[in-house]
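Everything below concerns the one structure shown next.
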Amino acid sequence: MRRRSLLIAVPAGLVTLAGCGDDSSNSSKAGASPSASAASAAPPPKIVDGPLPAITAGTKFGTKPTVAKGSGDPSKNLAVRAVITGSGQTVAENDFIQADYLGQIWSTAKVFDNSYDRGTPLLLQLAQGSIIDGWRYGLAGKKVGSRVLMAVPPTWGYGTQGNAQAGIKGTDTLVFVVDLLATFNAKSSAKGKPVAQNDAALPKVGTNTDGKAPAIDIPKTAAPKKLVSAYVLEGDGEAVKESEAVLCQFRGMVWESGKEFESTYAQGRLSQFSIQQMQQVVKGLAQGVTGKKVGSRVLVVVPPSLGYGDKPPSGGAIKKGSTLVFSVDILAKM
């Protein structure tokens, strides 16, 4: 079982299709425990340049760093410094970021968490309640390709309760090194190479990469009886595994009526789901995404037997026996 990052304030809400109907439904919006949506009790921090301990080894972007113990007392404010300044897209609050990181305690230099050893970058949203506030405030405005060094006081970390699992006391200031690998938002698109769509019996999907919803042209023919999963844009990232989760843009339509039943583009937010969870909701979508490369746009046509069958969500565009058509942009995985 993959070890969950200690940075995440609460279990991340996964957008699923459990209640998809039409665009007026909000049932697919991300949810989490009540504490995730509660307003933070701490005011926005004053951001200062230091003091910050030195990175003594592993100084290159993407390499595991070694960080010295903090010297003297840490600042009561949030100390943030880009020790390497990248040239990529600027990160904004509520974006999803992909990052490698190491966290340790100021006073002891004890490392309590890092992604470098796991070999899997963290994928999370810089949103209130989804991540400690030190990251939310400290990383906003930084560019992809940057290495950011931060010292986070308890006020914007784990508060006075600390984190017993990680050995963090309520008085501990935390030191982080964060390598910003990528950022994603509601305007993100797959960037793969177009693949010919020559089968007249299948829907044609637009190849635009401007963050707008791609057109889906469904033919006036009978829907296929078996699952279809085909590249529209083929990316060059790693293939999605059944044990992983994906971050994506998607648009879903009903073959028979041509009606759209759900769209991240219309909602203005990305979708995040685990393949195993989606197996319990729309099995065909989970199967259609598995094995496809990150950075791709994929056409997935789901027959009723792998969709909702004779038990569709109530009150929406999906009816008994509906065939579902998806365009899915696989932006990232973890």
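The values are calculated or read from the model by the stated rules, or taken from the named source; none is laboratory data. Remember, predicted model here, so these are calculated numbers, not experimental data. Backbone-built Cβ (ideal geometry, glycine too); neighbour counts: all protein chains shown. Each accessible area value is taken on the protein alone, full model and side chains, heavy atoms only, with ligands, DNA and RNA left out. Shrake-Rupley method; radii C 1.70, N 1.55, O 1.52, S 1.80 Å.
Brief remarks on what is shown
- Among the residues of the stretch 80-93, some residue qualifies, meaning at least one is in contact with a strand residue (DSSP E or B) (Cβ under 8 Å, 6 or more places away or on another chain), under 15 Å from residue 132 (Cα atoms) and either open to solvent by less than 70 Å² (accessible area, probe 1.4 Å) or part of a loop (DSSP other than H, G, I, E, B) (or both).
- Summed over the stretch 184-214, residues that are in a loop (DSSP other than H, G, I, E, B) and either of a type in the set (Gly, Ala, Ser) or under 17 Å from residue 292 (Cβ atoms) (or both) total 19.
- Looking across the stretch 284-315, the residues that are in contact (Cβ under 8 Å) with a residue 40 or more places away in the chain, part of a loop (DSSP other than H, G, I, E, B), open to solvent by 10 Å² or more (accessible area, probe 1.4 Å) and more than 14 Å from residue 205 (Cβ to Cβ) come down to 290, 291, 294, 295, 313, 314, 315.
- Test: residue in the stretch 128-144 that is part of a helix (DSSP H, G or I), under 22 Å from residue 187 (Cβ atoms) and of a type in the set (D, E, K, R): yes
- Residues (farther than 17 Å from residue 312 by Cβ and open to solvent by less than 40 Å² (accessible area, probe 1.4 Å)) located in the stretch 238-264: 240, 244, 245, 246, 247, 248, 249, 250, 263, 264
- Residue match in the stretch 172-181 (condition: in a loop (DSSP other than H, G, I, E, B), closer than 20 Å to residue 100 by Cα and hydrophobic (A, V, I, L, M, F, W, C)): no
- Qualifying residue in the stretch 220-232 (condition: open to solvent by 50 Å² or more (accessible area, probe 1.4 Å), of a type in the set (Ser, Thr, Tyr), free of Cβ contacts under 8 Å to residues at least 40 places away in the same chain and farther than 19 Å from residue 187 by Cβ): yes
- Subset tally (residues that are touching a helix residue (DSSP H, G or I) at 6+ places or on another chain (Cβ under 8 Å), in a loop (DSSP other than H, G, I, E, B) and open to solvent by 40 Å² or more (accessible area, probe 1.4 Å)) for the stretch 265-283: 0
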